[in-house]
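Any read-out appearing in this document is the output of simple, stated calculations on the displayed coordinates, not a laboratory observation. Source: prediction; values computed, not measured. Here Cβ is always computed from backbone atoms with ideal geometry, including for glycine, and neighbour counts include all displayed protein chains.
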Amino acid sequence: MANPGVALPERGVPHAELLRRLDALAASDADWRGNRVFSLVYRQSEAHDAFMKEAHGRFFSANALNPMAFRSLRRLEADVVRMTSGLFHGGPDTVGTLTSGGTESILLAVLAYREHARRHRPWILRPEIIVPASAHAAFYKAGHLFGVRIVKAPLGPDFRVDVAAVRRRIGTQTVAIVGSAPCYPYGVVDPIAALGELAGRRGLGLHVDACLGGYLLPFVARLEPSERLGDLPDWDFRVPGVTSISADVHKYGYAAKGASTLLYRDMSWMRHQFTVEADWCGGVYVSPTLAGTRPGGPIAAAWAAMNALGQDGYQANARNLMAIARTFADGIRAIPGLRLLGAPCASVMAFGAAPGGPDILAIGDRMEAAGWHIDRVQNPAGLHVILNPGHAQTAAAWLADLAEAVDHVRRHPELASQGSAPMYGMIAKVPLRGMVRRNVRAFLEQMYRPDAEGTDAPPHPESPLDAGAALPPLVQGVVDAWVRWRRHREI
């Protein structure tokens, strides 16, 4: 039954009133304008945002579904692909498309490798793709949708994928392997050169997921070593075995949301992502990506962003971001009880508790209470930041609050069994993964139930993600015992 409190109004509401309501709703969102958010939003400057709205609006109603009707969009897309190919050291045969985001780019890559195998290796009945344990979750979505088994390879002590483990997992059904540049959880670049050598020797495709770093790493590579966080290995088409790369223009390319690129070394790979239906009664239907209708606004904004910033703008942005990243990394290392997870090479990093240190998830709760929107990672537990230029203004305040949070949790170890900390901790550690998935799915069902009102709806009291829900006494006792056991092991 639909929510009785919401119905299409009998008469249209004045524009000014609707805009007021939208502003009121947005007031409850995370404060990304105040640089207190460390993911989700990538902002170069307020002036650039205004320009993006202008460029996006020029093609607000245009539809790239038919490139013959909207030749302008095909030209803009082709320009973005060629500019990106130059950044990634592509050759004259490099091809690609714009997609709606990193997930669609990854979905298409998995589809292309499956279809390539069907065409060239028809004996493969259950295709497999090997990914690092740190690879983006969209690969698992793609595997589910396209019937491809996603095989996870463990990470080494440096949080990069273990190439020897990848080699051991290659079998008769393997169609491709994956590396990240950098991976989302830790901000480290996998050993792409070694993966490329392995892929080339075995005749496999190698997809590099650079959705996060694709429009930043080429400019970080041009900085002096003293300006970087650490070494940056080759990760793009310079590596002979790399056959495709995904990169989001709406991240560090600073385009409007809804724009990612997917590039292939040549058409022999890309043609397998196309849909062609010649016998439909509505006419011949073709689609180069997953979408039918393709909004023109994000395509135009991607083209405008890249041309507006240019190489000098992106280079200045990389230099600025690396200075901010060094401030954060040095500040985290200076706080007793904390450690960086791996050796991040750009502006994405995760940190956890050093052995015997305070509970990192309880620290995350304390930071949330101080008004910072900060993500968690698991296995091992940690906190995660993605930096933008505006974080230069809040770095000192963030590091001061982090030091206070560490000190507070150290003095109050019982916080590890309160708030969201035990929930996140148990979600990561409980061996019954099916039970965890069922509970998270129940949380989503509760959020999207017919009478829910979006973010105003109270979470289900049994939701594993509800930080404020009171636990039953028996469950709370189990949680307390689990926390004490975990801390004993760490000590």
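Here are the numbers:
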{"read-out": "Cα-based reach from Lys152 at 13 Å (exclusive), listing aspartates and glutamates while leaving out same-chain residues under 8 positions away", "value": "Glu128, Asp162"}
{"read-out": "Peptide ranges 340-352, 179-191 listed from the most packed, as the mean C-beta count within 10 angstrom indicates", "value": "179-191, 340-352"}
{"read-out": "Residues of the range 84-126 with amide N under 15 Å of the 7 Å Cα→Cβ point at Asp234", "value": "88-91"}
{"read-out": "Protection proxy ranking of 101-110, 136-145 - average other beta-carbon atoms within 10 Å, highest first", "value": "101-110, 136-145"}
{"read-out": "Summed side-chain charge close to Asn66 - residues other than Asn66 whose Cβ falls under 12 Å, Lys, Arg +1, Asp, Glu -1", "value": "+3"}
{"read-out": "Residue list for the range 159-173, given a label point 7 angstrom along the Cα-to-Cβ vector of Trp123 and an amide N cut-off under 12 Å", "value": "172-173"}
{"read-out": "FRET E, pair Glu17, Met267, Förster distance 51 Å, beta-carbon r, rounded to 0.05", "value": "0.45"}
{"read-out": "Restricting the range 255-313 to chymotrypsin sites (Phe, Trp or Tyr not before Pro) in coil, as DSSP defines it, with at most 11 other Cβ within 10 Å", "value": "Trp280"}
{"read-out": "Peptides ranked, highest mean first, by Cβ atoms within 10 Å: ranges 66-72, 80-86", "value": "80-86, 66-72"}
{"read-out": "Prolate/oblate/rounded call for the range 56-307, Cα gyration tensor, a/c under 1.5 rounded", "value": "oblate"}
{"read-out": "Radius 12 Å from Cβ of Arg333, net charge of other residues (Lys, Arg +1; Asp, Glu -1)", "value": "+1"}
{"read-out": "The range 331-406, relative contact order in percent, only Cα pairs under 8 angstrom and at least six apart counted", "value": "30 percent"}
